[in-house]
Amino acid sequence: MDIINDIIYPVLEEIKEDDDAEFEISPTLEIYGDQSIFDSISLVRFIVNLQDRILELTDKDIILVSSDIMKKSNSPFKNVTILAEYIGGLLENE
Amino acid sequence: MFIDFLLETANKNKDNDAFVLNDKKSTYAELLSDYNKAVKFIEDNQILPNTTVALESDFSSLSTGFLFALIENQNIIVPLTRAVANKKNDFLAISKAQYLISIKDDNTIEFSFLDGDSNHEIYNTLKERKHPGIVFFSSGSTGESKGAVHDFVYILDKFKQPRKMKRMITFLMFDHMGGINTLLHNLSGGGCIITVRDRTPKAVLNIVEKYKVQVLPVSPTFINLMLLSGAYQQFDLSSLETISYGTEVMPESTLERLNEIFPNIRLVQTYGLSELGVMDTKSKSNNSLWVKLGGAGFETRVRNNMLEIKAHSAMIGYLNAPSPYTEDGYFMTMDMVEQDGEYYKILGRKSEIINISGEKVYPAEVESFFMGMDGVEDVAVKGESNPLIGSMVVAKFKINTGESLAEFKKRMNAYAKGKIADFKIPQKVRLVTDEEIHSIRLKKDRK
């Protein structure tokens, strides 16, 4: 399974369509960093949809954002590639 | 008579900035001139004392001039902003407003007569006291709005002690007790109020740098997003002295991280309710959620683990709801607290209300909205804690269309977009069977 193509892109496309948002989906797309494509509520919806998609495809119920995330100095939501690495790491540890 | 102290401060600070609104500065001299304009407008249009006047505007020098002039003319003011445009007619009807003054962005003024007659039992108290009033609307248990009537003189009393001159951002507007509190706090001390339309961390911090903001009031959600985005690393925030936070429960991990990044900034918890006013608070320390509440004009106590407050600035009552006071005059906040001597730790509401970034969501309102959607046989809504936004809305649906979760979510979003506020659209959705939904309901009823 390819995390970017099978998990992240479909979820981004879904939200893009629902919200009539304008952003170009690519591995360098910034999700929540210097540029942000979401407001706080859309970000939460994006995260929940990612978790749903991961559960559907892998049967693994992972939590992408816990309170520990605020302690990290590098955000896993910086861009699509970094997010894919983060999800990969969580899936390996499951 | 009522606002002498504010005019006096303005006179002493004529050349200083009173506002920076959407990147445009204005001074105290302009505020005084706008006040005089408003006084003349009220005279010309023969707006009588004790009548109810709706004032529709965002913060501006002119709208503040009108606010002051209406206070001085002893009116009952119903502040309205664009954010509540869809509820405007309800608010006007509930408040029996007689006049509407709308101030546009380009400072044009529209004046209209309404059907209201300014008559309400609650207003009689103001008329007897010969005091001006203000009505704040807050959402009620099924989503209908409750109008809280305040005696404006009691709100003003707190600000007669001169405050320090600061430059402060506000996210709240006229129609919110917190917005009025910030306005009076600043204008009574000769400070400057700065508003921002774009509330993303980057835009807000850019304004902090540009206008050397000293006080930044934020929600825990904003802080989470600021930390997550790393936006704080890109700006010079050395002017910041105080970050205040409130409206939702602060996660301890967020507070710790914030204190680590900004060890020299004072972190202050605020506590206020539209029925009571904003209280002075003192946090035990920068990284502590324990807080001393009160100050002059406030008495607090805890009954059944719930905070009760008696306040000089408390509202007279609701226009359209029963009194929330105990027999001895304490307001039941419904906030659960822990107590340690003089300090309290606010744990959140004892109710089903879902608090998303400080916005309230009532499950019953969301449930009733989605019961109108095709194919929905039943729906149960509740809150689930979320480390980014405090809580999120979770909805469990029983449907009869045979759609997959993804198909249903898509249709649900399309159905709700534009009809209810975005934050009320469930962020997490589950499809369940008949038995499951009955068991959720049973648990809710037992609470």
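The values are calculated or read from the model by the stated rules, or taken from the named source; none is laboratory data. Treat the numbers as computed from the prediction; the structure is a model and nothing was measured. Reconstructed Cβ throughout: ideal geometry from the backbone, glycine too, with neighbour counts over all protein chains shown.
Laid out as a table, the results:
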item: So B:L255, is it touching a Phe, Trp or Tyr at 6+ places or on another chain (Cβ under 6 Å) and farther than 11 Å from B:L205 by Cβ; result: no
item: Residue among A:I31, A:I54 that is in contact (Cβ under 8 Å) with a residue 40 or more places away in the chain and within 18 Å of A:L91 (Cα to Cα); result: A:I54
item: Unique residue being loosely packed, with under 15 Cβ neighbours inside 10 Å, touching a Gly at 6+ places or on another chain (Cβ under 8 Å) and among the aliphatic types (A, V, I, L, M) when the list is B:A314, B:A321, B:A364; result: B:A364
item: Residue list for segment B:47-90, filter: in contact with a Ser or Thr (Cβ under 7 Å, 6 or more places away or on another chain) and basic (K, R); result: B:K87
item: Residues within segment B:384-411 that are touching a helix residue (DSSP H, G or I) at 6+ places or on another chain (Cβ under 9 Å), surrounded by 19 or more Cβ atoms within 10 Å (Cβ to Cβ) and assigned to a helix (DSSP H, G or I), tallied; result: 1
item: Residue within segment B:290-307 that is in a loop (DSSP other than H, G, I, E, B), in contact (Cβ under 8 Å) with a residue 60 or more places away in the chain and not small (G, A, S) present; result: no
item: Residue match in segment A:2-10 (condition: part of a helix (DSSP H, G or I), over 10 Å from the mean Cα position of the chain (by Cα) and facing chain B (nearest Cβ under 8 Å)); result: no
item: Unmet requirement for B:L227, which otherwise passes all of (1) within 14 Å of another protein chain (Cβ to nearest Cβ); (2) on the phi > 0 side of the Ramachandran plot; result: (2)
item: Of all residues in segment A:30-62 being part of a loop (DSSP other than H, G, I, E, B) and within 9 Å of chain B (Cβ to nearest Cβ), the one that is modelled with the highest pLDDT; result: A:D39
item: Top-ranked residue of segment B:412-438 - restricted to ones that are outside any helix (DSSP H, G or I) and within 10 Å of another protein chain (Cβ to nearest Cβ), ranked as farthest from the chain's Cα centre (by Cα); result: B:R430
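Table: residues versus (1) more than 14 Å from chain A (Cβ to nearest Cβ); (2) within 28 Å of B:E248 (Cα to Cα).
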site	(1), (2)
B:Y325	yes, yes
B:Q339	yes, yes
B:I354	no, yes
B:V376	yes, no
B:G390	no, yes
